[in-house]
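Trainee: Got a structure for you, written out below as structure tokens; questions coming shortly.
The values are calculated or read from the model by the stated rules, or taken from the named source; none is laboratory data. On a predicted model such as this, the values are computed, not experimentally measured, just so you know. Quick reminder, even Gly has a Cβ in these numbers, built from the backbone with ideal geometry, and neighbours come from all protein chains shown.
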Amino acid sequence: MKKAFFIVILSISFFYSTKLTYATKEESIPSPISFQIEIQDWDAVNNILPKYSMFTVIDVESGKSFNVQRRAGSRHADVQPLTKEDTEIMKEIYDGNWSWRRRAVLILAHDNLIPASMHGMPHGTGSLQNGFHGHFCIHFFGSTTHRSGKSDLSHHIMILKAAGRFDEYTNNLSPSQLLNVFFVTIKNGDKGLAKSIAISNKKNINNELNKIKKIEAIQWTLPKTKETDLYSFTTEIPVEVNLLIKNVDPIRTKLSFTLVRTSPFSPWKVKIDPLFSAIH
């Protein structure tokens, strides 16, 4: 297992430092290693990871990994950490605090390395003696929530991050769609993804994005907007925003965001200053 895991780490390092061409079902990419990161939809994953199967979860951001068992779930995987040690590692990934925030992960099962998204909040029931009171959810491409039967955008964004396809996805979004994704990255507390679609009038955009840590919860409502003219390079979108900030009264405000691009064929970017100006 150690040898296999070492190969996986080499695979991940290769993947995130190299621009890849993605394989189709009819075409495979030759590789010197046995593991390839490949998006697989939920129908396929449901067979690869049947109920009671055990597999490894690798957190993309930190590189930490832990083992889990799938216990239930018909539209996504309801899983539990396998042991108390696995629970401790998972909690470390969430900086010691359980959270609903989604994180990009890779699932290692057999010769499969599958992009996915997990949250870090124990809920419902659990059966293993692992110090984890309940189960948590892992979503894959095509997964939906059990309650709504719809895809969860927060999970979808993190699946794309795990697969290395976030930029490919956002480069083709309309201004309102991109702004919605920007708020999702804030909700997930993902500074890296937010930075990739953001611009700022401030000299140091990193200082602004560090304020994400202060946000405990965020809700937003975007108006219905018409399609932006093909030759427009800028557009304004008003957003109603509710913010819960540490040690501050809840903030409810209406902010106007400017989105810009450099040509009709360039991706849009979000000017993030209005949001962070509201955080003191």
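Trainee: Scan the stretch 71-118 for residues that are buried (at least 19 other Cβ atoms within 10 Å of the Cβ) and free of Cβ contacts under 8 Å to residues at least 24 places away in the same chain and jot them down.
Mentor: Those that are buried (at least 19 other Cβ atoms within 10 Å of the Cβ) and free of Cβ contacts under 8 Å to residues at least 24 places away in the same chain: none in the stretch 71-118.
Trainee: Okay, moving on. Can you tell me which residue within the stretch 186-222, out of those that are among the β-branched types (V, I, T) and farther than 17 Å from N242 by Cβ, is surrounded by the fewest Cβ atoms within 10 Å (Cβ to Cβ)?
Mentor: Selected residue: I199.
Trainee: So which residues in the stretch 222-237 are among the aliphatic types (A, V, I, L, M) and within 13 Å of L259 (Cα to Cα), if there are any at all?
Mentor: Step one: list which residues in the stretch 222-237 are among the aliphatic types (A, V, I, L, M), which gives 222, 230, 237.
Hit for the stretch 222-237 is I237, nothing else.
Trainee: Given R147, R103, which one is at negative phi, among the charged types (D, E, K, R) and in contact with a strand residue (DSSP E or B) (Cβ under 9 Å, 6 or more places away or on another chain)?
Mentor: Sole residue among the options that is at negative phi, among the charged types (D, E, K, R) and in contact with a strand residue (DSSP E or B) (Cβ under 9 Å, 6 or more places away or on another chain): R103.
Trainee: Just need a number here: residues in the stretch 218-256 that are among the small types (G, A, S) and within 26 Å of the chain's Cα centre (by Cα).
Mentor: Qualifying residue count, the stretch 218-256: 1.
Trainee: If you check every pair at least six apart or on different chains, which have Cβ atoms under 7 Å apart with a residue in the stretch 229-241 that is over 14 Å from Q219 (Cα atoms) first and a residue that is surrounded by fewer than 18 Cβ atoms within 10 Å (Cβ to Cβ) and hydrophobic (A, V, I, L, M, F, W, C) second?
Mentor: These pairs meet every condition: F233/V260; T234/V260; I237/L222.
Trainee: Part of a strand (DSSP E or B) and not assigned by TED's automatic domain parsing to the domain that holds H155: does that describe K254?
Mentor: yes
Trainee: From the list A198, A163, which one is in contact with a strand residue (DSSP E or B) (Cβ under 7 Å, 6 or more places away or on another chain), modelled with pLDDT of 95 or more and within 29 Å of N112 (Cβ to Cβ)?
Mentor: Exactly one residue qualifies, and that residue is A163.
Trainee: I'd like to know if the stretch 160-174 contains one or more residues that are loosely packed, with under 15 Cβ neighbours inside 10 Å and within 14 Å of the chain's Cα centre (by Cα).
Mentor: Yes, the stretch 160-174 contains a residue that is loosely packed, with under 15 Cβ neighbours inside 10 Å and within 14 Å of the chain's Cα centre (by Cα).
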